[in-house]
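Novice: My questions all concern the structure below.
All of the numbers you see were taken from the coordinates with simple rules; none came from a lab. Every value quoted in this text rests on a predicted model; they were computed, and no experiment measured them. Ideal geometry is used to build each Cβ from the backbone, glycine not excepted, and the neighbour counts take in all protein chains shown.
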């Protein structure tokens, strides 16, 4: 409950600095190949939203 | 033809977007401070989407005004980091992707030097680099590129010597530079009795994943700054313990 209250008291800081983001950054920094993989997944998402979905919807 | 677009165009488009996303992702991972700013921007964008989706009467129009300015603000804030990333992108990365931390001898030399400086009440600031490069600080300092040794470290911080006032940056087993100046921390909770050396050590720990050892000139007390936290070290064993954890 206290953590939740802390989050709502200062959400931007909590989102910007927490252990999960630190772990992700640390992992990606140690595994450069994974940056390429993650980038490809993000690219696939962008292409899906901007090309595939509009084409399917017509 | 796929979705009324030639396949080659789709492939080229995907490739170009991939390159851009990859560059941005690599830039964010290498610059932790910028990563936090980017996350903040993403959070504000999420709020904007929510306000827009639910057609909120006040936050919607306010964020409609703020959001177009956000990319410009981010570019202005990040300008030095962006310029540096673009410069470094075409340079040989001196730190390489597989970085190396110092060996046992380096650790012992750092500990011995710190203890001696502490016993003599000689102020010292020793920063050990990890993943985030500290090139932007070392380039403006006095280049050393010397092996880490107790004698060199003690000599650098000897009062009245030209290099004693700034920080030493250690990369792996080498002293990269001496006389480096860091941006001071503006942490409001910081103990007001501590001087600018401690504030500088805390400042660099806030913007990078380095560890900084600080020896107080007044009391000889050893402190370490890591991840924006300052810890007071009581004895040599405790310092060795933290160094072993950090440099593994």
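Novice: Using only the Cα atoms of the protein assembly as shown, what are the Rg and Dmax in Å?
Specialist: Cα-based Rg and Dmax for the protein assembly as shown come out at 23.3, 77 Å.
Novice: Can you give me the Rg/Rh ratio for region B:104-246, using Cα atoms for both radii and the Kirkwood formula for Rh? Please list the in-between numbers first.
Specialist: Working: Rg = 13.4 Å, Rh = 14.6 Å.
Rounded to two decimals, Rg over Rh is 0.91.
Novice: Still on this model: Give me the number: length gained by fully extending residue B:74 to residue B:23, i.e. 0.36 nm times residue separation minus the C-alpha to C-alpha distance, one decimal in nm.
Specialist: Numbers: separation 51, 0.36 × 51 = 18.36 nm, distance 1.66 nm.
Gain on extension, residue B:74 to residue B:23, equals 16.7 nm.
Novice: If you don't mind, there's one more thing I want to ask. Label region B:2-90 by shape, choosing from rounded, prolate and oblate, from the square roots a ≥ b ≥ c of the eigenvalues of the Cα gyration tensor; if a/c is under 1.5 it is rounded, and otherwise prolate applies when a/b is larger than b/c, oblate when it is not.
Specialist: Values: a/c = 2.72, a/b = 1.17, b/c = 2.34.
Cα axes put region B:2-90 in the oblate bin.
Novice: A further question follows. Suppose a student asked you for the relative contact order of region B:157-248, using Cα pairs under 8 Å spaced at least 6 residues apart; what percent would you report? Intermediate values should be presented prior to the final figure.
Specialist: On the way: 124 pairs, mean separation 13.9, N = 92.
For region B:157-248, the relative contact order is 15 percent.
Novice: As I understand it, the value is the acute angle between the Cα axis of helix B:104-119 and the longest principal axis of the Cα atoms of chain B; what does it come to in degrees, rounded to 10?
Specialist: Helix B:104-119 sits roughly 60 degrees off the main axis of chain B.
Novice: Computed FRET efficiency, Cβ-Cβ of residue B:236 and residue B:43, R0 35 Å: what is it to the nearest 0.05? Intermediate results must be reported in sequence, preceding the final value.
Specialist: On the way: r = 44 Å, r/R0 = 1.24.
Efficiency, rounded to the nearest 0.05: 0.20.
Novice: Label residue B:12 and residue A:34 with points 7 Å out from Cα along Cα→Cβ: what is the distance between them in nm?
Specialist: Label at residue B:12, label at residue A:34, 3.5 nm between them.
Novice: I've got another one for you. Cα axis of helix B:32-53 to longest principal axis of chain B: angle in degrees, 0 to 90, nearest 10?
Specialist: 30 degrees
Novice: Relative to the first principal axis of the alpha-carbon coordinates of chain B, what is the inclination of helix B:7-30, with its axis defined by its Cα atoms, in degrees from 0 to 90 and to the nearest 10?
Specialist: Helix B:7-30 and the main axis of chain B meet at about 30 degrees.
Novice: Using just the helices of chain B, give the 222 nm mean residue ellipticity in deg cm²/dmol: DSSP H runs with n ≥ 4 each add -39,500 (n - 2.57), and the total is spread over all residues, rounded to 500.
Specialist: -17000 deg cm²/dmol
Novice: Looking only at region B:2-26, which residues have a backbone nitrogen under 20 Å from a spot 7 Å from the Cα of residue A:55 in the C-beta direction?
Specialist: So the set is B:2-19.
Novice: Here's a follow-up. Quick one: if the Förster radius is 22 Å, what FRET efficiency do residue B:143 and residue B:181 give, using the C-beta to C-beta distance and rounding to 0.05?
Specialist: Values: r = 14 Å, r/R0 = 0.66.
E(calc), rounded to 0.05, equals 0.95.
Novice: Let me make sure I get this right: for chain B, a, b and c are the square roots of the gyration tensor eigenvalues over alpha carbons, sorted descending. Under 1.5 in a/c it's rounded, otherwise prolate if a/b > b/c, else oblate. Which is it?
Specialist: Values: a/c = 2.85, a/b = 1.83, b/c = 1.55.
Because a/c hits 1.5 or more and a/b exceeds b/c, chain B counts as prolate.
Novice: Residue B:245 to residue B:160: FRET efficiency via 1/(1 + (r/R0)^6), r the Cβ-Cβ distance, R0 41 Å, to the nearest 0.05? Show your work: numbers first, answer last.
Specialist: Details: r = 35 Å, r/R0 = 0.85.
Plugging the Cβ-Cβ distance into 1/(1 + (r/R0)^6) gives 0.75.
Novice: With just the Cα atoms defining each centre, how far is region B:185-217 from region B:1-65? Give it in Å.
Specialist: So the two Cα centres are separated by 35 Å.
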